[in-house]
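Visitor: Just passing along the structure, written as structure tokens.
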Amino acid sequence: MKLYYIPTTRAVRPRWLLEEMGIAYDLVRVNMTMTKQPEYKELHPHGKVPVLVDGSVTIFESAAICAYLADKYIGMGFAPLPDSPERAYYYQWLFYAAATLEPPVEHFMFNVLPNLPEKLLPGFVRSETSKQESRQWFDRVAQPLREVLIGRNYLVANKLTSADIVIGGVLLWAKKLGMLLNDDPLSGYINHLMQRPAFMRADEDFYAKIAP
């Protein structure tokens with residue numbers, strides 16, 4: 001099993017899950033030159049990370065990889081069983097991460113931080129959305145998470161699943177960007193996730209250096 005990886009990207013999420021599972025894998029560190037090569041484009045059509053290669057399976061998109069791994073090793077408990085009522089909520093939060101929670105964080109990143117679009121996306125056009133508007137958007141879409149986490153540490157059945165890893169990966173970006181305030185209830189959720197040994201092993205590069 002190989003995971004193609006760049007620090008600070010969405011590739012941290014499947015790496016974290018693999019560390020939680022204790023499964024042997026090869027970490028292939030990718031650089032920008034490598035992503036432009038035809039061979040890499042065969043793995044990911046857009047030249048991005050993460051990519052997981054598992055035998056005959058080659059899959060990209062961090063949430064899809066995490067869902068795939070959780071189902072492949074279903075006995076480890078990182079996904080509810082298919083016939084479990086909790087499975088519906090597991091799907092809900094997996095999709096919520098990419099479709100609803102991440103857009104304002106990515107918008108903030110590429111429209112507010114100085115020079116970041118020019119470095120990562122040449123030709124990117126800034127919108128007129130203000131820093132305050134991006135924060136308000138994020139605050140609105142994060143509210144359901146605050147509510148579901150009242151009195152619990154994890155999103156589904158109060159047990160760590162791939163949904164926590166994918167949602168947590170988005171919230172970690174928000175924390176680093178300063179979008180998640182210390183008095184936000186979600187800060188406690190993130191701080192708890194960051195203390196997990198598997199997370200620390202997975203992210204020696206970046207997030208582990210953020211003070212809780």
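The values are calculated or read from the model by the stated rules, or taken from the named source; none is laboratory data. Quantities reported herein were computed from a predicted structural model and do not represent experimental measurements. So basically every Cβ, Gly included, is an ideal-geometry build from the backbone, and we count neighbours across all protein chains shown. Heads up: the accessible areas ignore ligands, DNA and RNA and are worked out on the full protein's heavy atoms, side chains in. Shrake-Rupley method; radii C 1.70, N 1.55, O 1.52, S 1.80 Å.
Visitor: Let me know the shape class of the stretch 1-107, please: from the alpha-carbon gyration tensor, a ≥ b ≥ c as square roots of the eigenvalues, rounded when a/c is under 1.5, otherwise prolate if a/b is greater than b/c, or oblate.
Guide: Details: a/c = 2.15, a/b = 1.40, b/c = 1.53.
Cα axes put the stretch 1-107 in the oblate bin.
Visitor: I need the helices of the chain that pass two filters: whole DSSP H segments spanning 20 Å or more by Cα along the axis, and mean Kyte-Doolittle score no lower than -1.0.
Guide: Numbers: long enough: 131-148 (27 Å, -1.38); 162-176 (21 Å, 0.99).
Once both thresholds are applied, what remains is 162-176.
Visitor: By per-residue mean of other Cβ atoms within 10 Å, what is the highest-first order of 48-54, 105-111? List each step's numbers first, then the result.
Guide: Details: 48-54: 21.3, 105-111: 18.4.
So the order, starting with the most tightly packed, is 48-54, 105-111.
Visitor: Let me check something: with ligands and nucleic acids excluded, how do Arg196, Arg29, Arg146 order by accessible area (1.4 Å probe), largest to smallest? Could you put the intermediate results ahead of the total?
Guide: Values: Arg196 60, Arg29 120, Arg146 25 Å².
Ranked list, largest accessible area first: Arg29, Arg196, Arg146.
Visitor: Something else about it: What does the net charge come to around Gly47 if you take all other residues with beta carbon closer than 10 Å to its beta carbon, with K and R at +1 and D and E at -1? Mind showing how you got there, number by number?
Guide: Numbers: positive: Lys36, Lys41, Lys48; negative: none.
So the surrounding residues net to +3.
Visitor: Rounded, prolate or oblate: which fits the stretch 161-202, taking a ≥ b ≥ c as square roots of the Cα gyration tensor eigenvalues, rounded meaning a/c under 1.5, else prolate when a/b beats b/c?
Guide: Judged from the Cα gyration tensor, the stretch 161-202 comes out prolate (a/c at least 1.5, a/b above b/c).
Visitor: Can you spot the aspartates and glutamates whose alpha carbon is less than 13 Å from Lys131's alpha carbon? Ignore those fewer than 8 places along the same chain.
Guide: Partners found: Glu106, Asp139.
Visitor: Shifting gears a bit: Could I have the simple spin-label model distance between Glu42 and Arg140, label points 7 Å from Cα toward Cβ, reported in nm to one decimal?
Guide: Taking the simple label geometry, Glu42 and Arg140 are separated by 4.6 nm.
Visitor: Based on alpha-carbon centroids, what's the gap between the stretch 144-194 and the stretch 59-75 in Å, whole number please?
Guide: The stretch 144-194 and the stretch 59-75 have Cα centres separated by 20 Å.
Visitor: Please give me, ordered by residue number, the GluC sites (Glu not before Pro) of the stretch 1-69 that lie in loop per DSSP and have at most 13 other Cβ atoms within 10 Å. Show your work: numbers first, answer last.
Guide: Values: sites: Glu19, Glu20, Glu39, Glu42, Glu61; in loops: Glu61.
Here no loop site has a sparse enough neighbourhood.
Visitor: Counting helices only, and only those DSSP H runs with n ≥ 4, report the 222 nm mean residue ellipticity of the chain as the sum of -39,500 (n - 2.57) divided by its residues, in deg cm²/dmol to the nearest 500.
Guide: Values: 11 runs with 107 residues, N = 212.
Rounded to the nearest 500, the figure is -14500 deg cm²/dmol.
Visitor: Need the list of aspartates and glutamates near Lys159 for cross-linking: C-alpha distance under 19 angstrom, and skip anything on the same chain fewer than eight residues off.
Guide: The reachable aspartates and glutamates, counting only those whose Cα sits under 19 Å from Lys159, are Glu19, Glu20, Asp71, Asp83, Glu86, Glu147.
Visitor: Going down the list Lys2/Lys36; Lys48/Lys176; Lys2/Lys176; Lys36/Lys176; Lys36/Lys72; Lys2/Lys41, which pairs span over 23 Å between their C-alpha atoms?
Guide: Lys2/Lys176; Lys36/Lys176; Lys36/Lys72
Visitor: Please give the per residue volume of the convex hull enclosing the alpha carbon atoms of the chain, rounded to a whole number of Å³. Could you put the intermediate results ahead of the total?
Guide: Values: hull volume 26.9 nm³, N = 212.
Taking the convex hull of the Cα positions in the chain, it is 127 Å³ per residue.
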